[in-house]
Amino acid sequence: MELRITVLPGDGVGPEVTREAVKVLRTVRDCGGCDVQFREALIGGAAVRQTGSPLPPATLDACQSSSAVLLGAVGGPEFDNAPAHQRPEKGLLELRQALGGFANLRPARAWDALASCSPFRPEVIKDVDILVVRELLGGLYFGEPRGYLQNGHRSGYNTMRYSEPEIERIADVAFTAARTRRRKVTSVDKANVLETSRLWREVVTRVAARYPDVALDHVYVDACAMYLCTNPRRFDVLLTENLFGDILSDQASTFSGSLGMVPSATIGGRIDLYEPVHGSAPDIAGQSKANPLGAILSAAMLLRHTAKLEREAQQIEEAVEFALRAGFRTADIAQPGCTLVSTSAMGDVVERRLADKLQSQYAFHAV
Ligand code: IPM
Ligand code: MG
C-alpha cells in the first residue's frame, strides 16, 4: 500500500517533534513495512507569516489529496492579539472541519517507567489505560449562533448543539473501540443541567443496545474530573463531547507523566489527522528540548488506523517503551539518574530500536 502523508509541522516545537515522527515512519518504509511518501505544507502561525492565512488553500489541497495528515502544533504568543481570521488555532479548527474527522482518540496511559513523573501516587495510576473518545466537530466549538452582542456593554455567546446523528456516530466509535479493549464505555455529560447532555445520554444508551457485550455507565463531567484523580482505573473508554473532551484529555494526560507523551488520532472523516496532544510550547521551541514521543506515538496511531499496520504500530510503541525503560529522558520527563537527551537523540533511540526489531522481523518472514 502507498501512504501519502502530508506533514504540517506548524509552530513552536511542532517542526522538531514531527521531524522525529517522520524519521520513525521512514524507518518503517526503509525496512520494507510500507511505501510512504511525505510532503510538507504550512499551517498555523508559520502559514500566517508567509501567506496571511493560517490554512492556505495549497495546504488544504495537499491534505485533501493525501492518505493522512501528520500535524505538529499551532500557536504562539505573537498571535495572542491577532484578528480572529489570523489566529493559528483557526487554521487547525478549519482543517479538522474540512477533513471531516469527528472522532478524536486520545489514549492516556500510565507508563511504569514514568510513574514518578506523574503527580499521582504510583498505586493510584498503576495500570491506568484510558482511551478518551472526544467528539471533535460539534458542541460549543462550532455551534451557531455565536458571536458578540453590543447592548450598552458587550456580551459574548456560543451555542452548544448536538444532533442525534452526531451523537450516534461518535458513540459507535467508542463502543467499537471498547470491543478491542476492556469492553467498558463511560459516557460523560452534564445531563442534570443541559439539554444537549440529556439527548447525548439518551442516544448513547440507545446505541449501547447494539453492543450488548460492552458495559456502559454515565457520569457527570464534574464527577468524572474527580474520579480521574481518585480512581482512574475505573475507566476504559471515556466518551465525551468536544469541550468536555478537550479538558478531560489534558487532565488524563497527567497519567502519562507529561503532555509530551500523549498522541492523538482524528478519524471517521475523509482524511485522518494525527497530532500530539501537546501545544507549540514556545518557551522551549528551537532548543531541541521537546519530547517527540507524543508525535512518534501519533505516527504509530497513523499506521494502526489509516494503514492497518497493527504490528508496525505496536513495534513503534514497544520501541518507545524500550527508550523509557533504558532511562532516556527529555527534560519534561527527566528523573534523577536518567540520561537527559535532546529531541532528536530521543528520536534516534526509538528509531534504532525499531530498525533492529523490524529488520529481524522481516528477515524472519523472508526465510
Ligand atoms: C487540542 C487543543 C485545540 C482544541 C486548540 C489548539 C484549538 O487544545 O487539540 O486539544 O481545543 O481542540
Ligand atoms: Mg486541548
Study note, to complete from the structure: Rounded to two decimals, the Debye log10 I(q)/I(0) of the chain (Cα scatterers, no solvent) at q = 0.08, 0.12, 0.15 Å⁻¹ is -0.40, -0.92, -1.41
Review point. When the chain is treated as a GNM, springs tying every alpha-carbon pair under 10 Å, which of GLY286, GLY257, GLY156 comes out with the largest mean-square fluctuation?
Key: GLY156
Review point. Which value, in debye to the nearest 20, describes the size of the charge dipole of region 169-312 about its Cα centre when Lys and Arg Cβ atoms bear +1, Asp and Glu Cβ atoms bear -1, and nothing else is charged?
Key: 560
Check your understanding: So what does the Cα-only Debye profile of region 1-120 read at q = 0.10, 0.13, 0.22 Å⁻¹, as log10 I(q)/I(0), no solvent term?
Key -> -0.38, -0.61, -1.20
Review point. Between region 104-120 and region 15-81, what is the C-alpha centre distance in whole Å?
Key: 26
Exercise for review: Step through the residues of region 27-39 one at a time and calculate ³J(HN,Hα) from phi using the Karplus curve (6.51 cos²θ - 1.76 cosθ + 1.60, θ = phi - 60°), rounding each to whole Hz and writing x for Gly and Pro.
Suggested key: 5, 4, 5, 5, 7, x, x, 5, 8, 10, 10, 10, 9
Practice item. Over the alpha-carbon set of region 207-256, divide Rg by the Kirkwood Rh and report the Rg/Rh ratio to two decimals. Key: 0.99
Check your understanding: Looking only at LEU303, LEU293, LEU149, which one moves most when the chain is put into a Gaussian network model with springs between Cα atoms under 10 Å?
Key -> LEU149
Check your understanding: For the pair ALA326 and TYR362, what calculated FRET efficiency results from E = 1/(1 + (r/R0)^6), where r is the Cβ-Cβ distance and R0 = 41 Å, to the nearest 0.05?
Key -> 0.95
Study note, to complete from the structure: Only helices counted: for the chain, with every DSSP H run of 4 or more residues adding -39500 (n - 2.57) and the sum spread over all residues, [θ] at 222 nm is -13000 deg cm²/dmol
Review point. Mind listing the phi-derived Karplus ³J(HN,Hα) values for region 346-361, rounded to whole Hz, using 6.51, -1.76 and 1.60 with θ = phi - 60°, and x for any glycine or proline?
Key: 5, x, 5, 4, 5, 4, 5, 4, 4, 4, 4, 5, 5, 4, 6, 5
Review point. Can you tell which of LEU297, VAL185, GLY152 lies farthest toward the positive end of the dipole of the chain, using +1 and -1 charges on the Cβ of basic and acidic side chains (Lys, Arg; Asp, Glu)?
Key: VAL185
Exercise for review: Compute the semi-axes of the equivalent ellipsoid of region 301-367, taking the square root of 5 times each eigenvalue of the Cα gyration tensor, and list them largest first in whole Å.
Suggested key: 26, 14, 9
Review point. Hey, how much of the P(r) for region 1-49 falls beyond 14 Å, as a percent of Cα pairs?
Key: 54
**Study point:** Cα-centred dipole magnitude for the chain, charges only on beta-carbon of K, R (+1) and D, E (-1), debye, nearest 20
**Key:** 380
Review point. Counting pairs of alpha carbon atoms under 8 Å apart in space and at least six apart in sequence, what relative contact order in percent does the chain give?
Key: 22
Review point. Nearest 20 debye, what's the magnitude of the dipole of region 182-232 about its Cα centre given +1 on Lys and Arg Cβ and -1 on Asp and Glu Cβ?
Key: 200
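Where a number appears in this text, it was derived from the coordinates with a stated rule and is not lab data. This one's a predicted model, so the numbers in the text were calculated from it and none came from an experiment. Cβ: placed from backbone, ideal geometry, glycine included. Neighbour counts: every protein chain shown.
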